[in-house]
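Single-structure report; data block below.
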Amino acid sequence: MPKLDELKRTFAQGRISRRGFMEGALALGMTVAGATGFMSKVEAATPKRGGTFKLGLGGASTTDSLDPATFISTFTQIGLNFGVHNNLTEVNADGEVIPELAESFEASRDAKTWTFRLRKGVEYHNGKSLEADDVIASIQHHRGEKSKSAAKPLLKDITSIEAPDKHTVVVKLANGNADFPFVMNDYHIPILPSKDGKIDWQAGVGAGAYILGDHDWGVRMELKRNPNYWKGDKRAHFDEAVLLGLSDSAARQNALITGEVHAINRVDLKTAHLLGRNPGVVIDDITGNQHYTIPMNTTLAPFDNNEVRLALKHAIDREALVKKILSGHGSPANDHPIGPGQRFFNKELAQRTYDPDKAKFHLKKAGLENLKVDLHSANTAFAGAVDAAVLYQAAAKGAGIEINVVRSADDGYWTNVWMKQPWSMSYWGGRPTEDWMFTVGYAAGGAWNESFWSNDRFMKLLIEARAELDEDKRRTMYYEMQQIVRDDGGSVIPMYANNVDARSKKIAHGGKLASNWELDGWKCLERWWFA
């Protein structure tokens, strides 16, 4: 009903009163009860300004930093990248890439040249205007020879970045990349103010919705709304936000129940059903791209032998992990990182299952009768990671594999254990595209190639698929790449996990939550408000 839609719109915009809305709804034939209920729904869906939003997060670390090249924890991803800063592009709730600081973007026919036209009138928190030089410096920050940024492999095909004028950036690539606008949304590549060709990341200044206040890494981050935010009243409805690092899932849930925080991530899946019974709490269970991994350093024995890797992949009971660790909030994975929600997920690839006899077969091919290995784990890797390691230990015994579970400290795990120890537990939030996920986590020499794996055929396909515009040909390539990772890769990947967050019923949002990352695509500070 066009007239009802117009009535809804004018009420949401504050152009008519509650009484005016009721009169209009009754005039359109609605009953008093129907009009009252409809008005309540409109009010709940209408963003309201004000209040201090408190967010309890697992994944914070005392080793966090203001340098975007180092962003690794949810604390920095939400608070800094998607709070203090903006990117050239944004991924919306439907998984589509749309302009953010870029007003528009377009590609050449071969997808080798991308032109980004910047928004005019955008100011950083220090009053400096957004210009093309800032974009160039922000990208170049990750491309230096000594750069250890996880975004470096995403940007290695760039041959030149030019600024024809202050509000246009032209990026030229050695190879076509149909997904390049998605790359510009990577959480390592926010756009920061620059001076003399370098970004000033130490100042903690961005163009985003919130201004950075007091912060204690791994503990607390305070943010205040940017009064000059270029998105105006359409986004960033909270006056202030406080992020609290709460690594323990029970502590996070208790903080939500007592009202110390208004939302949390990574709900303890074993007690999610109990938390959901609380009348003041909403559970958001979203199928996304998150998956859990157990990477082996393939440059070190015994993991440099693929027969050993295959034995370990057959020695894990995936169904049991989904049931006992995820409490059903997920599905078995197939030793590759592309999930069922992805565009080119290989539905034809046979699902690997627990098979101790096959594990023994591969051990024998490796010249071994049995195997003893250490597996490092901590619950900061993912909720229940230690229990998952113990379940893996029990299942592997049937294959003649002795896994010694080493319990590591939660704090500093990502700095001191992950990619430092030969075998450890890990997790990935996934990536919006297959190319992005494969490039960051599996490309030879990549900073976050957590298994230090290299495969020539995989790398050839990675480059070819990235530039291929024919969807059918691209699908064939990605199908083969998933099989290569499954059968040769250095990670046991047992589970796809839903994003299970929780929030107070006092918190409202736009109706559809993004699935690309947890907490509404990490955009909760921008997209949510107090009902």
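The values are calculated or read from the model by the stated rules, or taken from the named source; none is laboratory data. Since we're looking at a predicted model, the values are computed, not measured. Counting neighbours? That spans all protein chains shown, and the Cβs are built from the backbone with ideal geometry, glycine included.
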Check whether at least one residue in the stretch 290-310 is in contact with a His (Cβ under 6 Å, 6 or more places away or on another chain), surrounded by 22 or more Cβ atoms within 10 Å (Cβ to Cβ) and not in a helix (DSSP H, G or I), and report yes or no. no
When the residues of the stretch 156-167 are filtered to those that are at pLDDT 95 or above and crowded, with 16+ Cβ neighbours inside 10 Å, which remaining residue is farthest from LYS120 (Cα to Cα)? ILE158
Any idea which of VAL386, VAL405 is under 10 Å from MET425 (Cβ atoms) and over 27 Å from the mean Cα position of the chain (by Cα)? VAL405
Of (1) more than 18 Å from LEU173 (Cβ to Cβ); (2) in a loop (DSSP other than H, G, I, E, B), ASP133 satisfies every one except (2)
Over the stretch 449-467, the set of residues at pLDDT below 95, in contact with a helix residue (DSSP H, G or I) (Cβ under 7 Å, 6 or more places away or on another chain) and surrounded by fewer than 20 Cβ atoms within 10 Å (Cβ to Cβ) is GLU464
Got a number for residues in the stretch 434-477 being in a loop (DSSP other than H, G, I, E, B), over 19 Å from GLY489 (Cα atoms) and touching a residue at least 24 places away in the same chain (Cβ under 8 Å)? 2
Do we find a residue being crowded, with 20+ Cβ neighbours inside 10 Å, at pLDDT 95 or above, within 21 Å of GLU450 (Cβ to Cβ) and not aliphatic (A, V, I, L, M) anywhere in the stretch 360-375? no
Inside the stretch 201-224, the number of residues satisfying the requirement of being over 23 Å from the mean Cα position of the chain (by Cα) and of a type outside the set (Asp, Glu) is 4
Is it true that some residue in the stretch 202-216 is modelled with pLDDT under 95, surrounded by 15 or more Cβ atoms within 10 Å (Cβ to Cβ) and either assigned to a loop (DSSP other than H, G, I, E, B) or not aliphatic (A, V, I, L, M) (or both)? no
Looking at the stretch 435-444, can you tell me whether even one residue there is assigned by TED's automatic domain parsing to the domain that holds LEU274, under 19 Å from GLU96 (Cβ atoms) and out of contact with any Lys or Arg (no Cβ under 9 Å at 6 or more places or on another chain)? no
List every residue pair whose Cβ atoms sit under 8 Å apart, with the two residues 6 or more apart in sequence or on different chains, where the first one lies in the stretch 146-174 and is touching a residue at least 60 places away in the same chain (Cβ under 8 Å) and farther than 15 Å from SER104 by Cα and the second, anywhere, is part of a strand (DSSP E or B) and charged (D, E, K, R). LYS172/GLU162
Somewhere in the stretch 253-275, is a residue within 23 Å of the chain's Cα centre (by Cα), assigned to a helix (DSSP H, G or I) and of a type outside the set (A, V, I, L, M, F, W, C)? yes
Pick from GLU103, GLU96, GLU131: which is under 20 Å from THR433 (Cα atoms) and either buried (at least 19 other Cβ atoms within 10 Å of the Cβ) or charged (D, E, K, R) (or both)? GLU96
The condition from (1) closer than 30 Å to LEU223 by Cα; (2) part of a strand (DSSP E or B); (3) of a type in the set (Lys, Arg) that LYS172 misses is numbered (1)
